[in-house]
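Quick notes on the structure that follows.
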Amino acid sequence: MRILAALAVCCLLPVAGCAPQQKAEGPARGDLKLVHADEPIGPIEAAVVTSSAKVDLGKMLFFEPRLSKSGFISCNSCHNLGLGGSDGLPSSIGHKWQLGPINSPTVLNAKYAVAQFWDGRAKDLVEQAGGPIANPGEMASTHDLADQVLQSMPEYVALFKGVYGTDTIAIAQVQDAIAAFESTLVTPNSRFDKWLYGDDTALTAEEMEGYKLFKDKGCTSCHNGPGVGNGSFQKFGVYKPFVTKASPQGRFDVTKDPKDRMVFKVPTLRNVQLTAPYLHDGSRWTITEAVQLMAELQLNATLTPEETAKVVAFLKALTGEQPQVTHPILPPSNENTPKPVRT
C-alpha cells in the first residue's frame, strides 16, 4: 500500500508563490510550555487515541497481506515502519513485481498533510486507504474481494462488530480503521522539538546555524508547520526544469490544467534522514544531493559545501521518536477464505 502523499524532498527549498507560513501551533506538552511559539515550524504532538479497539484493528489491516490479490503485499510493504515509514526504494514493487511510477513517501506524520497522494487526489487518510487495494499496479485486488477475504474469518467479523456494530464488513470500515491506526504514526520529541519546548542544549551550534540558514534562504515559506511541509502544492522546477524519466506530473494528472503540470505536494521533512531515496522519482540518494539540487532548481542559487552541511545537520535533528509497533498476529485463513492469485 502506498500513501503517495508528498514529493519526498522534491521541494526541499522554497518555490515561488508558496502559501502563507503556518505558525508553530500546539498546546503545552504535559508540564512543558512551547517556548519558541513564534517559529514557523511547530512540534509534533503525541498521538491521542480515542478508540483503542479501532486502532488495534487498523494495525492488523495495515499488516494484512491478504488484502492484496497475491496475498503477499500489505500497507507495510511500501510503508515499512522499520524503515521510517517508507520502503527505501526508488519506487515501490507492486503485484507481479511491477515497478511503481513514483517514490513511496513516508506514512509517518501523514495525518498532518493537507491531502494524500503525490497529486493530492485523496482528501484524507480515510479516502486514501482504499486506493492501493484496488490499484492494479499495487495490491491489485478489488474492494469486494478484500471484504470477502476479511468476512471469511470469524475473528475479523467479531473485531469489526466490536468496533462498528455490524456483522457485515464493508470497505468503508476497512479504510476508516486503517486511517485510525495511521493517525497514531507520529514522531514527537525530536531534538528540534525539544528546542522548541525550551531545551537550549538540544541542538548543536551547527544545527542551529543550519536552521537559521533554512529560514534565511526562505525554505520555511513552504516547509513550515508541524510537518515541516505537506501543507501546500508547489511547482517543482521554478528556475530550471527537473529532468526525469518518471511519468507523474503532479496535480496535472488530476486536474488536466496545464498550469498544474509538475505541481506536487510539498513534502514533510520530518525523519528525512530515514527515508532515502529522495524526489518523486527516487533519483537522489543523499540529503546533501537533494538540498543542492533544490537550491539550484527552486532558488537559482548555489549553496557552499559548508552551508549545505549545516542545513543537512538541521534536517537530521528533525528525526523524532519512531512508533514502537508490535507486528500483530493475524487470524488464520480457512476453507472459506478466497485463495491468493499470483498471476
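Ala53 satisfies every condition listed in (1) under 18 Å from the mean Cα position of the chain (by Cα); (2) closer than 21 Å to Lys111 by Cβ; (3) in contact (Cβ under 8 Å) with a residue 60 or more places away in the chain; (4) surrounded by fewer than 18 Cβ atoms within 10 Å (Cβ to Cβ) except (1). Say whether the condition of being in contact (Cβ under 8 Å) with a residue 60 or more places away in the chain, touching a Leu at 6+ places or on another chain (Cβ under 6 Å) and among the aliphatic types (A, V, I, L, M) is met by at least one residue in the range 162-170. Yes, the range 162-170 contains at least one residue that is in contact (Cβ under 8 Å) with a residue 60 or more places away in the chain, touching a Leu at 6+ places or on another chain (Cβ under 6 Å) and among the aliphatic types (A, V, I, L, M). Please specify each residue of the range 269-288 satisfying the condition of being surrounded by fewer than 22 Cβ atoms within 10 Å (Cβ to Cβ), modelled with pLDDT of 95 or more and not hydrophobic (A, V, I, L, M, F, W, C). If the condition is that a residue be surrounded by fewer than 22 Cβ atoms within 10 Å (Cβ to Cβ), modelled with pLDDT of 95 or more and not hydrophobic (A, V, I, L, M, F, W, C), then Gln273, Pro277, Thr286, Thr288 are the ones that fit.
Inspection of the range 136-156 finds no residue satisfying the criterion of being part of a strand (DSSP E or B) and either out of contact with any Leu (no Cβ under 9 Å at 6 or more places or on another chain) or not polar (S, T, N, Q) (or both).
Checking Val48, Val15, Val35 one by one, the residue that is over 21 Å from the mean Cα position of the chain (by Cα), part of a loop (DSSP other than H, G, I, E, B), at pLDDT below 95 and over 27 Å from Ala134 (Cα atoms) is Val35 and no other. Within the range 268-290, does at least one residue satisfy the condition of being touching a residue at least 12 places away in the same chain (Cβ under 8 Å), assigned to a helix (DSSP H, G or I), more than 16 Å from the chain's Cα centre (by Cα) and farther than 23 Å from Thr187 by Cα? No; the residues of the range 268-290 include none that is touching a residue at least 12 places away in the same chain (Cβ under 8 Å), assigned to a helix (DSSP H, G or I), more than 16 Å from the chain's Cα centre (by Cα) and farther than 23 Å from Thr187 by Cα. Scanning the range 221-260 for residues that are of a type in the set (S, T, N, Q) and either more than 27 Å from Leu108 (Cβ to Cβ) or not in a helix (DSSP H, G or I) (or both) returns Asn224, Asn230, Ser232, Gln234, Thr244, Ser247, Gln249, Thr255. Residues being of a type in the set (A, V, I, L, M), surrounded by 19 or more Cβ atoms within 10 Å (Cβ to Cβ) and modelled with pLDDT under 95 are entirely absent from the range 184-207.
Selection of the range 85-116 for residues being assigned to a strand (DSSP E or B) and more than 23 Å from Lys69 (Cα to Cα) yields only Gln116. Just one of Gly84, Gly71 is buried (at least 19 other Cβ atoms within 10 Å of the Cβ) and either within 19 Å of Asp281 (Cβ to Cβ) or touching a His at 6+ places or on another chain (Cβ under 7 Å) (or both); which is it? Step by step, each of Gly84, Gly71 is checked, and only Gly84 is buried (at least 19 other Cβ atoms within 10 Å of the Cβ) and either within 19 Å of Asp281 (Cβ to Cβ) or touching a His at 6+ places or on another chain (Cβ under 7 Å) (or both).
All of Phe192, Phe160, Phe181 fail the test of being of a type outside the set (A, V, I, L, M) and either more than 30 Å from Pro43 (Cβ to Cβ) or in a loop (DSSP other than H, G, I, E, B) (or both), apart from Phe160. Scan the range 151-179 for residues that are closer than 18 Å to Asn334 by Cβ, among the aliphatic types (A, V, I, L, M) and either surrounded by fewer than 21 Cβ atoms within 10 Å (Cβ to Cβ) or in contact with a Cys (Cβ under 9 Å, 6 or more places away or on another chain) (or both) and the total you get is 3. Just checking, does the range 292-315 include any residue being closer than 23 Å to Met208 by Cα, touching a helix residue (DSSP H, G or I) at 6+ places or on another chain (Cβ under 8 Å), free of Cβ contacts under 8 Å to residues at least 60 places away in the same chain and exposed (fewer than 14 other Cβ atoms within 10 Å of the Cβ)? Within the range 292-315 (the criterion being closer than 23 Å to Met208 by Cα, touching a helix residue (DSSP H, G or I) at 6+ places or on another chain (Cβ under 8 Å), free of Cβ contacts under 8 Å to residues at least 60 places away in the same chain and exposed (fewer than 14 other Cβ atoms within 10 Å of the Cβ)), the answer is yes, since at least one residue qualifies.
The values are calculated or read from the model by the stated rules, or taken from the named source; none is laboratory data. Just so we're clear, the structure is a prediction, and the values are computed from it rather than from any experiment. Note that we place each Cβ from the backbone using ideal geometry, even for glycine, and neighbour counts take in every protein chain shown.
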